[in-house]
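Values quoted throughout were computed directly from the atomic coordinates according to the rules given, and no laboratory measurement underlies them. Computed from a predicted structure; not experimentally measured. Ideal geometry is used to build each Cβ from the backbone, glycine not excepted, and the neighbour counts take in all protein chains shown.
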Amino acid sequence: MNAPTFPARRSLLLVLAAALPLAACGFKLRGVRELPFQTLFLNANRHSELTAQLRRTIEAQTTTRVVDDAKGAEAVLDITENKIEKVILSLNSAGRVREYQLRQRFSFKVRTPEKEEIAPVSTIELRRDLTFNDTDTLAKQQEEELLYAEMQSDLIQQVLRRLQSIRRKAR
C-alpha cells in the first residue's frame, strides 16, 4: 500500500483545518427534537397548507406522532388564530404604493383531550417588508409568495421550539 501523496495529505489537512472552527464554536446539527408528549392532535383545518406542513414537520423532526383523533392523543394543539395581512407602508409622490408590509399573526394553545390546559395561548407575529414597483408586478408577486412561504417555515420552527419548551406537570 502506498503512502498518501502530498496533494492528498494537503487536501486532508485543509478539510480538517476547515472543520476545526465549526467544532470549536459548538456547531451541531439540529437532530431530532424531544417534545413533552408522545402523541399530538392538531385541532385545525385539516385541508390547510399550514396544518399539513406543521404535521409533516412534527413527524419528521420529532419523536412525537400526530394522530387523527383527539381521544387518542396525549396533547391537543388548538390553533386559535392565523391571520395574514398585507399593509401599505409608504406611497410615492404620485400616490402609488412603494412599500408593503406582510404580516402573519398566529396563536395556539396546548391542552389535554379533557380540556386541561398544558400551555396557555401563545402568539407569534411575523413581519416582512416588500418594496413594490409597477413595472415589476409579476416579479414582485412571486417575491411576495416566496416571503409568505418563508414566513410559514419560520412560523413552524417557532411553534416547534415553543412546544419543546413546555414543561408538563407531574401527575
Worksheet entry | Extension gain (nm, one decimal) between D78 and L146, 0.36 nm per residue minus Cα-Cα | 21.8 nm
Fill in: Loop-located trypsin sites (Lys or Arg not before Pro) in the range 68-164, at most 15 other Cβ atoms within 10 Å (DSSP)
R96, K115
Item to complete: Please compute P(r) over all alpha-carbon pairs of the range 23-143, binned at 5 Å starting from zero, and give each bin as a whole-number percent.
Response: 2, 9, 14, 16, 14, 10, 10, 10, 8, 5, 2, 0
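For the range 73-141, run through the GluC sites (Glu not before Pro) and keep only the ones in DSSP coil with at most 13 other Cβ atoms within 10 Å of their Cβ.
Working: sites: E74, E81, E85, E99, E114, E116, E117, E125; in loops: E74, E114, E116.
Here the GluC sites (Glu not before Pro) that fit, given the DSSP loop and packing criteria, are E114, E116.
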Worksheet item: Using the beta-carbon distance between S153 and A17 and R0 = 30 Å, what value does 1/(1 + (r/R0)^6) give for FRET efficiency, to the nearest 0.05?
Response: 0.35
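Multiplying the sequence separation of R167 and E34 by 0.36 nm and subtracting their Cα-Cα distance, what value in nm do you get?
46.7 nm
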Item to complete: Would you list which aspartates and glutamates come within 15 Å of K115, measuring only between C-alpha atoms, while excluding same-chain residues fewer than 8 positions from it?
Response: D69, E74, D78
Worksheet item: Cross-link partners among aspartates and glutamates for K71, C-alpha distance below 16 Å, same-chain residues fewer than 8 apart left out?
Response: E114, E116, E117
Worksheet item: Rounded to the nearest 20 Debye, what is the dipole magnitude of the chain about its Cα centre when Lys and Arg each give +1 and Asp and Glu each give -1 at the C-beta?
Response: 740 debye
Item to complete: Would you be so kind as to identify which of V76, L35, A60 lies farthest towards the positive end of the dipole of the range 34-164, taking Lys and Arg as +1 and Asp and Glu as -1 on Cβ and the Cα centre as origin?
Response: V76
Practice prompt. Report, by chain and number, residues whose modeled amide H sits under 5 Å from the one on E99, excluding near sequence neighbours (fewer than 5 apart, same chain).
Written response: L89, S90, F132
Practice prompt. Would you give the gap between the C-alpha center of the range 38-57 and the C-alpha center of the range 131-170, rounded to a whole Å?
Written response: 16 Å
Worksheet entry | Charge dipole magnitude, Cβ of K and R +1, D and E -1 - the range 30-97, Cα centre, debye nearest 20 | 300 debye
Fill in: Selection from Q101, P120, P21 lying farthest towards where the dipole of the chain points positive, charges on Cβ
P21
